Amino acid sequence: MSSENTVADRLLEDARKKTAKSESPALGKAALIVGVIALLVSPISILGWIVGAVAIGLGVAAVRRPVTAKQAKIAMALGGAAILVGVFFYTLNVSLG
C-alpha cells in the first residue's frame, strides 16, 4: 500500500510543477515588453514590421495561458499598431521620396 502512495505523491508533485510552469507570467511580460519596443521603433519601417510581428507571435503564445491572457492581448495590439505605424512611415517615405 505504501508504494501506491509514493507513486500517487510523485504524480501529484509532477502535476503541480506543470501547473506552476504554465502559470508563470514571464511569457506575457516578455510579449508586452517586445510590444512596447515595437511601437517605439516602428517609425523605422522594417524594424517596426519585424519587432511587431515578434510581439504578435509572443502574444499568441502567451494568450493560451490564463494568467497572461490580458498582457498578451495588449502585446498583440501593440504589435499590430507597430506594424501599421511602420507601414504609414514607409508609405510617407516613398511618397516624399
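The values are calculated or read from the model by the stated rules, or taken from the named source; none is laboratory data. All of these numbers come straight from a predicted model, not from anything done at the bench. Methodologically, a virtual Cβ is constructed for each residue, glycine included, from the backbone with ideal geometry; neighbour enumeration extends over all protein chains shown.
Odds and ends about this structure:
- Those residues of region 34-48 which are under 8 Å from GLY86 (Cβ atoms) and surrounded by 21 or more Cβ atoms within 10 Å (Cβ to Cβ), in sequence order: SER42, GLY48
- Enumerated helices (runs of 4 or more DSSP H) restricted to region 1-78, each holding at least 1 residues that are over 8 Å from the mean Cα position of the chain (by Cα) and at pLDDT 90 or above: 26-41, 45-63
- Scanning region 65-78 finds no residues that are among the hydrophobic types (A, V, I, L, M, F, W, C), touching a Phe, Trp or Tyr at 6+ places or on another chain (Cβ under 9 Å) and surrounded by fewer than 16 Cβ atoms within 10 Å (Cβ to Cβ).
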